[in-house]
1. In nanometres, what is the gap between the two model label sites at Tyr325 and Val361, each 7 Å from Cα along Cα-to-Cβ?
2. When the chain is fully extended, how far beyond the present Cα-Cα distance does Trp116 get from Leu89, taking 0.36 nm per residue of separation?
3. How would you classify region 315-369 from its alpha-carbon gyration tensor, with a ≥ b ≥ c the square roots of the eigenvalues: rounded for a/c under 1.5, else prolate if a/b is greater than b/c, otherwise oblate?
4. Which distance in nm do the two modelled labels at Glu191 and Ser128 give, with both placed 7 Å along the Cα-to-Cβ direction?
5. Which ³J(HN,Hα) values, rounded to whole Hz and listed in residue order, are derived for region 343-357 from phi using the Karplus coefficients 6.51, -1.76 and 1.60 in 6.51 cos²θ - 1.76 cosθ + 1.60 with θ = phi - 60°, glycine and proline given as x?
6. What FRET efficiency, computed as 1/(1 + (r/R0)^6) with R0 = 45 Å and r the Cβ-Cβ distance, is obtained for Asn300 and Ile143, rounded to the nearest 0.05?
7. What number do you get for region 135-237 when its Cα radius of gyration is normalised by 2.2 N^0.38 Å, N = residues?
8. Say a paramagnetic label sat at a point 7 Å from the Cα of Lys45, along Cα to Cβ; which residues of region 195-226 have their backbone N under 18 Å from it?
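No value in this document is a laboratory result; all are computed from the given coordinates. Since the structure is predicted, the reported quantities are computational estimates derived from the model, not experimental observations. Because the Cβ atoms are built from the backbone with ideal geometry, glycine has one as well, and the counts that use them run over all protein chains shown.
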Amino acid sequence: MFTITKRLLIVSITFLVLIGFLVLLGAVQGRDNPSPSDIAVDPHKYSLVRWELEHFSDKWIHKFNDILPWNSEPPREVRIAQAQEFFELKAQLRNLGRDTDSDRSEQISALEQRRWAMQADVEETMESEISSILTQEGFASRIGVIFPPVDVVYADSPTALIISPRNNISQLESTLLKPGLSNTVRDDLEEIIFREDDVSALVVNTGGVATYPSVVSDSMSLHDALVITAHEWLHHWFFFQPLGQHFWDNGDMVTLNETAATIGGQLIGDRAFTAMTGEEVIRKASASVGGVDPDSFDFNAEMRETRLNTEEMLSNGHIVEAETYMEGRRQFMEDNGHFIRKLNQAFFAFYGSYATGVGSVSPIGDQLERLRLESDSIEEFVKTVGGFKRVSDLEEHLGRSLSLSLP
């Protein structure tokens, strides 16, 4: 059974990489006549092909090495402690900074080397813990295989260039850029694209990207890393379901995919975190549920108001006025302790695709939360959503469940 499982794992991942590599080759085709904005963006692009070539072989050489009979695996509690240390070390490195003091530099170098030495084992542990939750939830095959396998690399996550029209809020395209771009570089790129192409542009950070293996930021806590890793795995799983296959049909399907992965990732990641640490995760109720101090500054409500007012201005053709209004609201948010580097149409196009997040006015978030509450398990929730080909499928499903619950 052990040998069959490992062989299936190898075949599965090889199949996935072949598909992914073909897709990536198509995605990197350049334009025959690049525009000034293309020329400006090109040096900062993130190479997905290079990512696959550099990380796939390393990951699976390590996996195969681990299953050799003469290599024993440390006890689970040791591996969990190592994973906790891995993410804590990153926080220590941030606190130390890049001091020119020789003693400080040596300390930083020693921490980085220790972290690098444990990274592959930590990734194996995180994958194993999430796979265990998925198995408990019914995602494993009859011979115990999770498909696609959970596979992640913790590293600097790419940034993303988001493009929206100026006269409405919608995501025209997105391009992965290198991680760690300075605000100066971001501002310059956004200004060039705005001036040359007359569109709204924004360079945003990402917590993770569903490459294969997925890349997830290594600058977060153990809990957040588990949640994002589960989120990206769900995108891999949805790829083989109607939901993921209709991802790019329209903006609402993007929102449905992203929000389902967000909710499902939280459910799976929270379970994995509790299993690893014994700490129960208690998530605060959303503002729509109640319990918000009426005298406190409600950032989410203010952002929804900003989004609605902006859309109204744009629908009436008042583009410049809407952009001026958004900048005023950005300053208002900053005055109340919430810094946003740039607030424009592209901001709402990107963050609005997560219906449970700031700046979203989509009903999909509340609808999926209702579906989650009506589901008996994570498996039921995820597999129900995975079967949807259009947003109306979600609405119809909820309508049927409501009619069945009526006396």
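1. Those two pseudo-labels are separated by 0.9 nm.
2. Values: separation 27, 0.36 × 27 = 9.72 nm, distance 1.06 nm.
Additional length available on full extension: 8.7 nm.
3. Oblate is the answer for region 315-369, as a/c is 1.5 or above yet b/c matches or exceeds a/b.
4. Simple spin-label model gives 5.2 nm for this pair.
5. Karplus-based 3J(HN,Hα) across region 343-357 equals 10, 8, 4, 5, 4, 5, 5, 7, 6, x, 6, 9, 5, 9, x Hz.
6. 0.50
7. Here the Cα radius of gyration is 1.36 times the empirical estimate.
8. 197, 202-204, 211
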